[in-house]
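Heads up, the thing below is written out as structure tokens.
The values are calculated or read from the model by the stated rules, or taken from the named source; none is laboratory data. Keep in mind that this is a model prediction, so the values were computed, not measured. FYI the Cβ positions are ideal-geometry reconstructions off the backbone, even for glycines, and counts take in every protein chain you see.
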Amino acid sequence: MTDKTMTPDEVVGRLHSGMTLGIGGWGSRRKPMALVRAILRRADLTDLTVVAYGGPDVGMLLAAGRIRKLVTAFVTLDSIPLEPHFRAARERGDVELSEVDEAMFMWGLHAAANRLPFLPVRAGIGSDVMRVNPDLKTVRSPYEDGEEFVAMPALGLDAALVHVNRADRLGNGQYLGPDPYFDDLFCAAADAAYVSCDQIVGTAELTETAAPQTLLVKRHTVAGVVEAPGGAHFTANAPDHDRDESFQKLYATTPWPEFAERFLSGGEKDYRAAVQAWHEETRS
């Protein structure tokens, strides 16, 4: 048994330019934003291929010029349908995009998690997914049915970043919200996965506070654990906290250089202080 606790900067120190990085969560829900902010503090970490059900994680990394290629099913802020920095990057042609159906994306993670080169899926047949992804291939069933499927390639990851409610020091992660968002697949699909959480607890406490089936992230898939209270801010992490809608609106409507200068120019404590100061200003 190994204590896998790390700091955000230690996690990011294990990442390198040009790697394929999976980011868990879904839209503007339970994103590992403290780890994303740590990436933004490392100016030399660039040329990333990011694989994500995208939200502000993708938007910020695009705005900062860190992503070369994006593999996604969507990039949304949920209550704001289209992530503004993603839209701007697409309009400028700044990023190579592989956009697939949500189910295809999931099966690509399943294929990688099971160390398979691809999995056959029905999703995508007869749609423009095949037109906008000309590298996708089809396969035909070898059985009597002879059905044709899309051969969804494995979404293998050099590293994955996810955020959960609770974890222990060994790397077991626990969801307490209503939707696990496939983060266990991101971890299993990666060569190295790093889990941030709102609270590190003892292993026994994980099953004392919730049912065993909430323990979807297993220690054998995890290389590092970061305790980051509020580390998903400003995205939601039910039941610990809702999405910070007013701050999300500020993010979506403020020019990136201005937002980055005020909220992202320091460390994580500086970020929290800046967010708190902004909320106090808006209440006064």
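Figures for the structure shown
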{"quantity": "Residue within region 60-74 that is farther than 30 Å from Ala274 by Cβ and of a type in the set (Phe, Trp, Tyr) present", "calculated": "no"}
{"quantity": "Selection count, region 172-204, where residues are buried (at least 19 other Cβ atoms within 10 Å of the Cβ) and either among the basic types (Lys, Arg) or in a helix (DSSP H, G or I) (or both)", "calculated": "7"}
{"quantity": "In region 97-130, residue farthest from Ala260 (Cα to Cα) [restricted to those that are within 18 Å of the chain's Cα centre (by Cα), not hydroxyl-bearing (Ser, Thr, Tyr) and not in a helix (DSSP H, G or I)]", "calculated": "Asp101"}
{"quantity": "Neighbours by Cβ (under 7 Å, 6+ apart or cross-chain): first from region 229-240, among the charged types (D, E, K, R); second in a strand (DSSP E or B)", "calculated": "Asp240/Asn165; Asp240/Asp198"}
{"quantity": "Which listed residue, of Gly18, Gly93, Gly54, is over 23 Å from Gly124 (Cα atoms), free of Cβ contacts under 8 Å to residues at least 60 places away in the same chain and touching an Asp or Glu at 6+ places or on another chain (Cβ under 7 Å)", "calculated": "Gly18"}
{"quantity": "The listed residue being at pLDDT 95 or above and in contact with an Asp or Glu (Cβ under 7 Å, 6 or more places away or on another chain), out of Leu82, Leu77", "calculated": "Leu77"}
{"quantity": "Selection from region 242-269 of residues that are without any contact (Cβ under 8 Å) to a residue 40 or more places away in the chain and either surrounded by 14 or more Cβ atoms within 10 Å (Cβ to Cβ) or not in a helix (DSSP H, G or I) (or both)", "calculated": "Asp242, Asp244, Phe247, Leu250, Thr254, Pro255, Phe259, Arg262, Phe263, Ser265, Gly266"}
{"quantity": "Matching residues in region 1-57 - criterion: being in a helix (DSSP H, G or I), of a type in the set (D, E, K, R) and under 10 Å from the mean Cα position of the chain (by Cα)", "calculated": "Asp57"}
{"quantity": "Subset of region 131-152 [outside any loop (DSSP other than H, G, I, E, B) and either among the aromatic types (Phe, Trp, Tyr) or farther than 16 Å from Glu102 by Cβ (or both)]", "calculated": "Arg131, Lys137, Thr138, Val139, Arg140, Glu148, Phe149, Ala151"}
{"quantity": "Unmet requirement for Asp158, which otherwise passes all of (1) within 23 Å of Ala238 (Cα to Cα); (2) touching a residue at least 60 places away in the same chain (Cβ under 8 Å)", "calculated": "(1)"}
{"quantity": "Identity of the residue in region 205-228, of a type in the set (A, V, I, L, M, F, W, C) and touching a residue at least 60 places away in the same chain (Cβ under 8 Å), that ends up surrounded by the fewest Cβ atoms within 10 Å (Cβ to Cβ)", "calculated": "Ala223"}
